[in-house]
Each structure stands twice: as structure tokens, then as C-alpha cells.
1. Using DSSP to call loops (not H, G, I, E or B), can you name the trypsin sites (Lys or Arg not before Pro) in the stretch 91-121 whose Cβ has at most 15 other Cβ atoms within 10 angstrom?
2. Sorted from largest down, what three extents in whole angstroms do the Cα atoms of the chain have along their principal axes?
3. Would you be so kind as to identify all helices of the chain, as entire DSSP H runs, whose Cα atoms reach 27 Å or more along the helix's own axis and whose mean Kyte-Doolittle hydropathy is at least -0.5?
4. Tell me the label-point distance for the pair Glu141, Lys42, using the 7 Å Cα-to-Cβ offset, in nm and rounded to one decimal.
5. For the stretch 202-283, which GluC sites (Glu not before Pro) pass both filters: DSSP loop (anything but H, G, I, E, B) and at most 14 other C-beta atoms within 10 Å?
6. Calculate one ³J(HN,Hα) per residue across the stretch 346-357 by plugging θ = phi - 60° into the Karplus curve 6.51 cos²θ - 1.76 cosθ + 1.60, and present them in order as whole Hz with x for glycine and proline.
7. Which order, highest average first, do 39-47, 282-290 follow once you tally other Cβ atoms within 10 Å for each residue and take the mean per peptide?
8. Between the stretch 242-312 and the stretch 171-192, what is the C-alpha centre distance in whole Å?
Amino acid sequence: MLWDLRHLIYKSMKFSLLILCIACCLQITMAQEVFDANRRPKNLSDTALLELVQKQTFRYFWDFAHPVSGMSRERSNKSFGYGDEVVTTGGTGFGIMSVIVATERKWISRDTAAKFLLKMVNFLLKADSYHGVFPHWLNGETGKTIPFSRKDDGADLVETSYLFQGLLCARQYFTGSSSAERELRNRIGWLWNDIEWNWFTKGGEEVLYWHWSPNNGWAMNFPVRGFNECLIMYVLAASCPNERYSVPSSVYHRGWAQSDFFKNGKEFYGIRLPLGFDYGGPLFFSHYSFLGLNPKGLKDRYADYWEQNRNHTLINREHCVRNPNNYKGYGADCWGLTASDTYSGYAAHSPTEDLGTISPTAALSAFPYTPEYSMQALKHFYFNLGDKIWSEYGFIDAFNETKNWYAKSHLAIDQGPIIVMIENYRTGLLWNLFMSCEEVKKGLNKIGFQSPHITR
């Protein structure tokens with residue numbers, strides 16, 4: 001009788017374990033289920049499509065964030081030997097702005113977002129920095145510098161500026177009274193106050209230098225002059241809250257605004273380009289600095305920045321429409337040349353450096369400037385090409401129909417602007433946050449900008 005009871009219990013336990021194992025296997029199978037682009041939702045309104053693209057792309061910065069630091073990984077694939085620990089300073093700034101969008105749209109809770117960003121900021125407080133400036137790459141677990149190149153193993157002022165464009169938006173957004181939000185604001189302030197902008201004038205030159213390393217000093221020797229993706233660095237330098245580390249306005253006017261490729265004024269495809277390289281260069285020039293910096297009504301003695309960015313975009317699109325190189329796929333609904341992966345590695349695509357590679361981020365991050373044309377491209381990318389270029393993290397980095405090549409990668413610096421600039425088109429959220437910073441208003445005034453968002 002006792003034996004029968006024990007036998008019954010044993011059989012019951014075996015059955016329970018079997019059920020548990022089956023359940024676990026099912027969970028694993030479901031978790032490992034391969035993403036199928038062919039099952040993507042169809043028959044979407046324009047608004048629903050924008051929402052889906054933003055939300056799906058956000059997964060890159062949330063699901064794929066580094067588990068220790070919360071910072072954004074450089075890329076989703078392991079090309080170029082990056083490894084699992086490389087996180088990107090500038091891409092993380094774009095990721096922070098994406099978290100704000102996700103919070104505002106209630107994809108994640110406000111408390112969850114604040115705690116996530118606080119973890120990131122606490123990590124940055126202990127991570128390697130040089131005169132308050134972070135390197136291009138960090139080890140996402142240890143916070144130690146990972147060299148971007150042999151001599152680029154120290155401070156990267158441009159990437160740090162992208163990071164702080166995001167951090168300042170976070171400080172302006174998370175204004176609640178919870179301990180997480182209070183600590184987040186305070187600690188962002190500590191980091192912001194610690195940046196020694198004047199150090200990067202290399203002893204008082206009237207220009208900012210991109211790099212400095214304790215091992216290699218100024219060996220990279222890269223004074224940053226415009227017009228390119230680095231305007232935000234000069235705006236933030238002018239906005240420095242710590243008088244000890246501030247730079248004079250002459251650094252902007254005699255550094256940034258003095259180069260052979262700053263003023264332009266010529267027409268390309270019948271469209272006037274105020275600043276920059278002939279044909280405008282890659283489209284990220286009109287994206288990265290303007291994720292927070294609102295170009296609407298933004299002017300200085302050199303240009304109207306709305307005109308600059310819109311015309312830059314129109315020239316880029318018109319080149320793809322005319323398609324002088326006869327690449328497959330190019331047209332009114334398939335355009336956008338910027339820096340991205342390509343079939344032969346990585347390249348800064350533009351009308352003067354056209355390899356036949358289209359990068360979805362180029363047209364989609366231009367939504368504020370060319371909404372009708374960007375929507376045309378978005379619908380083509382999603383509905384017509386989606387089986388090849390839509391993924392678990394939104395659109396792949398790039399594709400080339402002439403070469404029948406489709407990237408297996410996503411890059412933080414390309415995914416982030418899609419979310420942020422679509423949101424700026426829809427609500428102006430990040431523009432409003434960044435332009436609400438008192439330091440930024442003072443900085444823009446200091447170097448002679450006009451904007452509806454600042455007063456003299």
C-alpha cells in the first residue's frame with residue numbers, strides 16, 4: 001500500500017516535470033521565433049504607419065540596449081570585429097531621445113523610463129572621460145574606453161555633444177518629483193557642468209578640436225570647421241553653464257564659420273544651397289545637430305537653417321529622381337543618400353559619392369523638411385520593399401537594388417534619427433524640450449542666432 005502511494009506520487013511528479021519541460025520548451029521556441037517581415041501589418045493609415053515605424057525602431061534602443069549600462073550598442077551585427085561590449089556615445093544620445101518618445105507615447109511607463117536612464121547616467125558618472133568628455137566608444141560593462149582607431153583613444157567632443165543633446169532633453173522632460181526623476185536631473189547636471197569646452201581649443205585657438213587623448217595628445221589634429229554634422233557641438237560649447245570652461249563667441253565665427261566649404265550659395269538641380277559642400281553632402285548633416293536644435297525660424301548672419309536643411313534634402317532627392325548613374329530602384333518613391341553600410345563596407349553616400357545605396361534613415365529622418373516626399377518613400381519602403389528591408393528593429397540600415405544587396409545590420413546613429421525626427425514632425429517634442437533649456441537659449445544668443453524660441 002505504501003509502495004503504491006509512493007509510486008503514484010512519483011508518477012505524478014514525473015508528469016508535472018514533463019508539463020513544465022514542455023512549457024519551457026514552448027517559451028524558448030516562441031522567444032527564438034524568427035521575425036517574418038511578410039507578416040507585417042498591412043492596410044495601415046499614414047498615422048498608424050508612422051506610429052508602427054517609430055515603435056518598431058525603438059526596440060533597437062530598448063530590447064537591444066546593453067544589459068549593464070543601458071547604453072546603445074554601435075550596431076546590431078558583428079561586422080568589423082566590434083564585439084558584444086561596444087556601446088556608442090553619440091548613438092546613446094539618440095537612444096535617450098528615443099526613450100523620451102517612447103515614454104510620451106506610453107509604450108513604456110514614465111517610472112520605468114526614468115529608472116532606465118538613471119542607470120545609464122550612473123554608469124556614465126563612473127565611466128572613462130577626459131576633461132569631462134567621453135570617448136566615441138565605451139565598454140558597456142566596465143565603462144573603459146574602447147579605441148575608435150589607433151590614436152583615437154580618448155575624448156570625442158562631437159560624439160559627446162550628441163550624447164548631451166539627448167541628456168538635456170531628458171533633464172527637461174523628467175521634471176517629476178519621484179526620487180528617480182530628481183536624481184536623474186541632478187546627475188545630468190553634474191555631467192553637464194564637468195565638460196571643459198575651453199580645453200578643446202588647444203590652448204586658446206579660435207576653433208574647437210574634435211579629439212584629445214592622454215596617450216596621444218592632439219595627434220588626431222582635427223579642428224572642426226563647418227558646414228557639416230557638428231553644429232550642435234558649437235551650440236553646446238556656447239551654452240556651457242560653467243564659466244571656468246566657457247569659450248568666446250569668436251570660436252564659432254572664426255572657427256566653425258571659416259572654411260572653404262562653409263558658404264555656398266550656388267544652385268544644384270535649380271535649388272539654392274546656402275551652406276556646405278556642393279550638392280549638400282550626406283543627409284545626416286541636416287539630421288544629427290537638429291534632433292534637438294529646432295531649425296524652424298533659426299537664423300544667423302550666415303543662413304536660414306530651415307532653408308538650408310529643406311533645400312539640402314530636396315537636392316538629395318532630386319538627384320535620386322534624375323538618377324544620372326541609372327541605378328536600379330531610384331525614383332520619386334525611393335531616395336535618400338547618407339552615411340551607412342553598403343555592399344563594400346561603410347560609406348558617406350551623397351550625390352557626389354553615389355554608389356547606388358539607399359539608406360532608409362535618410363528620407364525618414366527628413367520628415368520635418370519634406371513630409372510629402374518622406375511619406376512617399378516610407379510607403380514604398382514598407383509596403384513594396386518590406387519583405388526585404390523590414391525587421392525586428394525597423395528598417396535595415398541600407399540596400400542596393402543594383403547589386404541585389406540588403407544589409408543585415410542596424411546602426412544606432414541611423415535608427416535613432418528616424419524615431420526622433422518623425423516625432424519632431426508629428427509633435428515637435430524633442431525640439432520643444434531642447435529649445436526650452438535656458439543654457440541653450442543663452443548660448444544661441446551669445447553666438448548671434450535668432451529663433452522664435454529665444455529672446456534677447
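None of the figures in this text is laboratory data; all of them are computed from the coordinates on show. What you are looking at is a predicted structure, and each value in this text was computed from that prediction instead of being measured. When we count neighbours, we look across all protein chains shown, and the Cβ atoms used for this are built from the backbone with ideal geometry, even at glycine.
1. Filter output for the stretch 91-121: Lys106.
2. 97, 53, 42
3. 2-31
4. 4.5
5. Glu205
6. Each residue's phi maps through the Karplus curve to give 9, 8, 8, 6, 7, x, 8, 9, 9, 9, x, 9 Hz.
7. Result, highest mean Cβ count within 10 Å first: 282-290, 39-47.
8. Result: 31 Å between the Cα centres.
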